[in-house]
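Below is one structure, written out as structure tokens; the observations come after it.
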Amino acid sequence: MQANRLLIQGGKIISNGEMLMSDILIEGKMIVRIAPQISVKEDMVVLDAKEKLVTYGLADVHVHFREPGFSYKETIETGSRAAAHGGYTVVCAMPNLNPAPDSLLHLDIEEELIDDGAIIDVRPYATITMERKGRVLTDIETLKPYVVGFSDDGSGVQDDTVMEEAMRRVAAAGGIIAAHCEDNSLLRGGYIHDGAYAREHGHRGICSESEWRQIARDIEIAERTGCHYHVCHISTKESVDLIRRAKHRGVNITCETGPHYLVLTDSDLQEDGRFKMNPPLRSEEDREALIKGIQDGTIDCIATDHAPHTFEEKSKGLEKSAMGIVGLETAFAVVYTCLVKRNIITLERQIDLMCNNPRRIFGLGGKLEEGESADLAIFELTHPYVVDSRGFLSKGHSTPFDGWKVAGKCCQTIYHGRIVWQE
């Protein structure tokens, strides 16, 4: 739905730490006025936002939209519709694709699919190495102007020399490396956390060191090279501590975690593929360290790592199911319900973690101000609802939050002045 003049009336916005009631007037693709009360004119389409939160569109720096190569799992169209359903207006798509975006030729294939199918802003990553094989670096300098960052997500770069050269070249180009940190030599065939549940139920565990050991290595390299180093989906207490200490030393480092790591642990596991992701759900001690990290600013972003698979791929139990869950359509409500409503963080902090910080760190632009692009989301905060994955717009339906009672449903999402989702 495109209206030339759209008035969002009576919504609550967060401004300078205060919750204010405000109207927002959109003309074309732009926010033209924000004021306590704006007069309604005949040519306006009015959205009633009374008692609802109006925020700038959420931003997710870690999603998997599966095109090109794996459209049976997700497409740019279905992924971007799922994002809009969750209140997101910009997402960054990881390069686990076929062909992987390791050259301008391969990137063009993905960009054409984005142009044809996306209903919000989808920004691609390029790979760090050719075909994500961890050996030969991509043409970083040529790719840099066209991508949001460089990542071999799904695979940690195992070779120290390759990672150091990548960081030197990315730093010189003014880019970001977003690293999936995983030391393959420490995996030992594991597929859930190496904790109490794994031992009690006879599963092979993934040790925490497989994550934090590579983060420690990369921090040393980032410190030497000056590269902006962003750590993907951290899950362990050691990772939080390493990043906190690196930040205190002035290392150019940022990081993200996922909603599931903040509210679930390995004690919540069931013999069901919807509880299997990489990294895995960790211990209560790890979860508490992550909470402290989002409270004190060590953790900069909450990203979903939205990773859709088919029903068949996720229906083989913990051992055999594919790793990954969907998250775009539940993230805001889960964080709001489990962290904001329980006074663990403020709503302002949630918006920083899910909107302002990712936009600032990755140069995505946009904020809730006059003269900015009209990319907005409206959330109902007071009336709980039950998560039902059958209503997801993503092709993937595997979520540990199915059946949860939450608050924070997205009612409308507006991208460039156009309503792209409406409850």
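The values are calculated or read from the model by the stated rules, or taken from the named source; none is laboratory data. The model shown is predicted, which means the values in this text are computed figures rather than measured ones. As a convention, Cβ positions derive from the backbone with ideal geometry for all residues, glycine included, and neighbour counts pool all protein chains shown. We work out accessible area using only protein heavy atoms, side chains counted, and drop any ligands, DNA or RNA first. Shrake-Rupley method; radii C 1.70, N 1.55, O 1.52, S 1.80 Å.
Within segment 62-82, is there a residue that is among the hydrophobic types (A, V, I, L, M, F, W, C), under 26 Å from residue 363 (Cβ atoms), part of a helix (DSSP H, G or I) and touching a residue at least 40 places away in the same chain (Cβ under 8 Å)?
Yes.
Can you say whether residue 123 is within 23 Å of residue 230 (Cα to Cα), touching a helix residue (DSSP H, G or I) at 6+ places or on another chain (Cβ under 8 Å), modelled with pLDDT of 95 or more and open to solvent by 10 Å² or more (accessible area, probe 1.4 Å), as far as the supplied structure shows?
The answer is no for residue 123.
Being of a type in the set (A, V, I, L, M) and not in a helix (DSSP H, G or I) is the filter; apply it to segment 126-170 and report the residue that is most open to solvent (accessible area, probe 1.4 Å).
It comes out as 136.
If you scan segment 315-373, which residues turn out to be at negative phi and of a type in the set (Gly, Ala, Ser)?
Selection gives 315, 321, 322, 327, 331, 333, 373.
Looking at segment 379-406 only, could you name the residues that are among the small types (Gly, Ala, Ser) and more than 17 Å from residue 327 (Cβ to Cβ)?
The answer is none; no residue qualifies.
Scan segment 93-102 and tell me whether some residue there is open to solvent by 10 Å² or more (accessible area, probe 1.4 Å), in a helix (DSSP H, G or I) and either touching a strand residue (DSSP E or B) at 6+ places or on another chain (Cβ under 7 Å) or of a type outside the set (Phe, Trp, Tyr) (or both).
No.
Kindly indicate the residue of segment 371-390 that is within 22 Å of residue 51 (Cα to Cα) and part of a loop (DSSP other than H, G, I, E, B) and also most open to solvent (accessible area, probe 1.4 Å) among those meeting that condition.
Looking at the filtered set, the residue picked out is 383.
Quick check: anything in segment 17-35 in contact with a strand residue (DSSP E or B) (Cβ under 7 Å, 6 or more places away or on another chain), closer than 20 Å to residue 301 by Cβ and of a type in the set (Val, Ile, Thr)?
Looking through segment 17-35, none of the residues is in contact with a strand residue (DSSP E or B) (Cβ under 7 Å, 6 or more places away or on another chain), closer than 20 Å to residue 301 by Cβ and of a type in the set (Val, Ile, Thr).
Conditions: (1) open to solvent by less than 10 Å² (accessible area, probe 1.4 Å); (2) among the hydrophobic types (A, V, I, L, M, F, W, C); (3) closer than 22 Å to residue 212 by Cα. Residue 354 meets all but one. Number of the miss?
(3)
Just checking, which of 216, 173 is at pLDDT 95 or above, open to solvent by 20 Å² or more (accessible area, probe 1.4 Å) and closer than 26 Å to residue 97 by Cβ?
Just a single option satisfies the conditions, and that option is 173.
Tell me which residues, restricted to segment 222-236, are surrounded by fewer than 24 Cβ atoms within 10 Å (Cβ to Cβ) and either free of Cβ contacts under 8 Å to residues at least 40 places away in the same chain or over 22 Å from residue 96 (Cβ atoms) (or both).
Within segment 222-236, 223, 224, 225, 226 meet the criteria.
When you look at residue 347, is it under 20 Å from the mean Cα position of the chain (by Cα) and modelled with pLDDT of 95 or more, yes or no?
Criteria met by residue 347.
Tally up the residues in segment 359-377 that are under 21 Å from residue 300 (Cα atoms) and either of a type in the set (D, E, K, R) or free of Cβ contacts under 8 Å to residues at least 40 places away in the same chain (or both), please.
4
Might you let me know whether segment 192-199 holds any residue that is in contact (Cβ under 8 Å) with a residue 40 or more places away in the chain, open to solvent by 40 Å² or more (accessible area, probe 1.4 Å) and more than 25 Å from residue 357 (Cα to Cα)?
yes
From 339, 393, 318, 364, which residue is open to solvent by less than 30 Å² (accessible area, probe 1.4 Å) and outside any helix (DSSP H, G or I)?
The unique qualifying residue is 364.
Restricting the search to segment 327-336, which residues are over 18 Å from residue 18 (Cα atoms) and either small (Gly, Ala, Ser) or open to solvent by 10 Å² or more (accessible area, probe 1.4 Å) (or both)?
327, 329, 331, 333
Considering only residues that are farther than 20 Å from residue 48 by Cβ and part of a loop (DSSP other than H, G, I, E, B), look in segment 10-36 and name the one that is farthest from the chain's Cα centre (by Cα).
28
Examine segment 276-295 for a residue that is β-branched (Val, Ile, Thr), under 14 Å from the mean Cα position of the chain (by Cα) and open to solvent by less than 10 Å² (accessible area, probe 1.4 Å), and state whether such a residue exists.
no
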